[in-house]
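Let me begin by presenting the structure, written as structure tokens, before commenting on it.
The values are calculated or read from the model by the stated rules, or taken from the named source; none is laboratory data. Here the structure is a predicted model, which is why all the values come from computation and not from measurement. Methodologically, a virtual Cβ is constructed for each residue, glycine included, from the backbone with ideal geometry; neighbour enumeration extends over all protein chains shown. Accessible surface is based on the protein model in full, side chains and every heavy atom, while ligands, DNA and RNA are left aside. Shrake-Rupley method; radii C 1.70, N 1.55, O 1.52, S 1.80 Å.
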Amino acid sequence: MRQSDSLHSSGRLQQNHDFFPVHLIGLIQPHGVLLALEGTEFTITQVSDNTAAYLGMRPQVLLGQPLLKLIEPTILSQPLHHYLETCTEHASYVAISITTPNGIKDFDGLVHRRNGSIILELEPISSQTSQQTGLQAAAGLMSLQNTVQQTIASLRNIDDVTDFLQAAVTEIQALTDYDRVMVYRFDENQAGSVIAEVKPSEDISYLGLHYPATDIPTLVRQLYQQGLKRYIPDLTAAPVALVNTEDASVETTPLDLSYAILRGVDPCCIDYHQNMNVTGLMVIALVRDNQLWGLLACHHRSAKFLPYSVRSACEVLGQLIAAELASKVDKTELSYLNHLQAIQTDFVASIAKAKNFKQALIHPEPRLLDMVNAQGAAVCLDQDITLIGQTPPLEAVQDLISWSMEELSTELFHTNCLLQDYPAIDDFKTIASGLVVLKISQLRRYLILWFRPEVLQTINWAGNPNESIHVIDGDDTFLCPRTSFRQWQETVRATALPWQPVELTNAIALKHAIVGIVLNKADELAHINLELERSNRELDSFAYAASHDLKEPLRGITNFSNILLKRHSHDLDVVAVKRLKTLVKLAERMDGLIDALLRFSRLGQDKLKLQATDLNVLVPGIIDELKTVRDDGDAPSPQIKIPRPLPVVSADPDLIREVFGNLLSNALKYTHAPQPNIEVGYLTADEQLRGDQMNSTDVCVLYVKDDGIGIHKRHFQNIFRLFKRLHERDCYGGGTGVGLTIAKKIIERHGGRIWVESKQDEGTTFYFALNCDKSKK
């Protein structure tokens, strides 16, 4: 049975041609013989149906027989079984002379292993070559080797990529005598274009023409990816089927011909090239960095047979071209990369030194744009968005950032046709057809967006690419070869210049540099915080010790001054007595300041005793105490209101008592009203939101409000400084100026904050935030 019967159709039109199994085609080209072998005796399991013409034996005679018993190959070097035993997926060459019923015939042999089978391909050496003496053959090979070496040396001396490729196709055309030799390069979308060409003067030129990705099916592209070459000397030659058994009831697995040089040609490939007036061809893959960079294509109008030695020389030159191409392209990219890295180094250094991260990113503006050669950029740090250069308006950028956070999962996204992914950009495609999104953080809205404008491009196609696509019955789509390859122009819109790999590499490097700087800053801040904590502890200990030690001599000064006044005032004149009284007052004031300093220092050392504290019990007790102290008989009692029940907070009750005591005492003190009106309360969640205060169900915002003398706005921060008073020492009842400082420190130790709102001569409200007690919710 011929295994191709189930795979091959006589029609030229093929549905899903992109996935047509070319490696299972079951056909070979007729200029050679193929045998599939299995087992230790190399039993022939499949053969091409042309063995009679080349080996003098019909396929049925060969099938099921050990190869080495049927034919007696003569090899100058190792025995044939050595090559069969050691073969791999990569083909090994062996020259074979086989004794046939028609005499001894010489073959170029290629052997490789595929899916458990050994595949042996034999191509007859031409009678003219086989009749050469060993000396003549050696001389021919030496001449070919010299030619290849001279070609290699000449190509390596060419630095410019375009000149290099043009010289390469010229040298290969001279070596092979093909009518046309081209270098075909793929782009990021797998479409290709001819970038070097040598051809007969009367033929149309394909140089600069583009070819759609569909011209090369996916499976064929995968084979080229592995660095294989394709040699088809005659597209018009009738294919030869593979034969495995005469028993039609036995199903066999099609032989995998992926790496077979003789592999047959699928009908679409034949039509495609014949429409280009091509009969003989050879294609060599150009693989750079394990990626299919392009193809070296050789076309001939008539059948073109090449000796195996010449084809091997071309394959060596193809490998050289790929290797040199990588080096030469890398030099160009390296020069540009060095330029970008110089910009990046300067940019990152300025960011590292800057105190304001955002300002360092956006000033001076050109540096951020030059990082990836963009015309516009947007820097997003949470809700703070800064636009630089040519960008869409802020509202459009905000929508684009939201889309990026929701739809893009990678740290770097780039496109030169944003409209395909994000249709909403249509109104701004003239300035934002190209986009790079760099996510500095995957958790927070820290992004940098770069924009490139639309560039109208005219693409010259080798024929109308749409002619390859046919729709039948309104649903089924078919691919078939174009009938014309003459230049067909298309204007492409909404597309920017592509982002180069080195530009994208620079963007990623910028992210890593920023992250490194942030981490270094965090380490520095952590170290500074540790030092500050240590210094604060030492300062608190010093303040406590110093204050405690100062109390003793101060008490001595006070006591001795009082003794002098009591026992010796009659011996002193009026001035001396007055001065002693002043000394006592100063010592008492100093004693008060030291007491305040001792209290302040203890706040940093004493451990918080957090517990559920019901302010409805705590605050009324404080109010009663203050009213008792203020009661002088004739003065009206102050009005201190609590409009609604107070919350229960998680706090140290003794310390919170001190906060309320200080705030209420100040409210009673700093007033001209004979009967002050004071209010103690808290803000609801709605009131916090309307007032732009802390909006959290876990936080209680409390307040003490009075109708006293008020505080000017410029003093809002000063009033919390240690020993700071806004009035003369003895005005409004005097004081040490430490009450608000202590209140601030207590609130901050509880993890909250305190602030003031006031108007001169209208009154003051002190707000402070504490954690609510969750058990009481």
Between A349 and L394, what FRET efficiency comes out of the Förster formula 1/(1 + (r/R0)^6) with R0 = 22 Å and r the beta carbon distance, rounded to 0.05?
-> 0.15
Under the Karplus relation 6.51 cos²θ - 1.76 cosθ + 1.60, θ = phi - 60°, what is the ordered set of whole-Hz ³J(HN,Hα) values for segment 385-401, x standing for Gly and Pro?
-> 10, 10, 9, 10, x, 8, 9, x, x, 4, 4, 5, 5, 4, 5, 5, 5
Would you tally the net charge around L497, using a Cβ to Cβ cut-off of less than 13 Å, leaving L497 out, and scoring K and R as +1, D and E as -1?
-> -3
Taking amide H positions as placed in the peptide plane 1.01 Å from N, state which residues far from Q46 in sequence (5 or more) or on other chains have amide H under 5 Å from it.
-> A36
Per-residue ³J(HN,Hα) for segment 639-649, Karplus 6.51 cos²θ - 1.76 cosθ + 1.60, θ = phi - 60°, Hz, x for Gly and Pro = 8, 10, 9, 10, x, 8, x, 7, x, 9, 10
Report the extension gain between A323 and N102 in nm, rounded to one decimal, defined as 0.36 nm multiplied by the number of residues separating them, less their alpha carbon distance.
-> 75.0 nm
Could you state the accessible area per residue of segment 221-311 in Å², with a 1.4 Å probe and every protein chain left in place?
-> 38 Å²
Between the modelled labels at V617 and A576 (7 Å from Cα along Cα→Cβ) the distance in nm is 5.9 nm
Quick one: which of K328/K429; K581/K669; K705/K745 span more than 29 angstrom between C-alpha atoms?
-> K328/K429
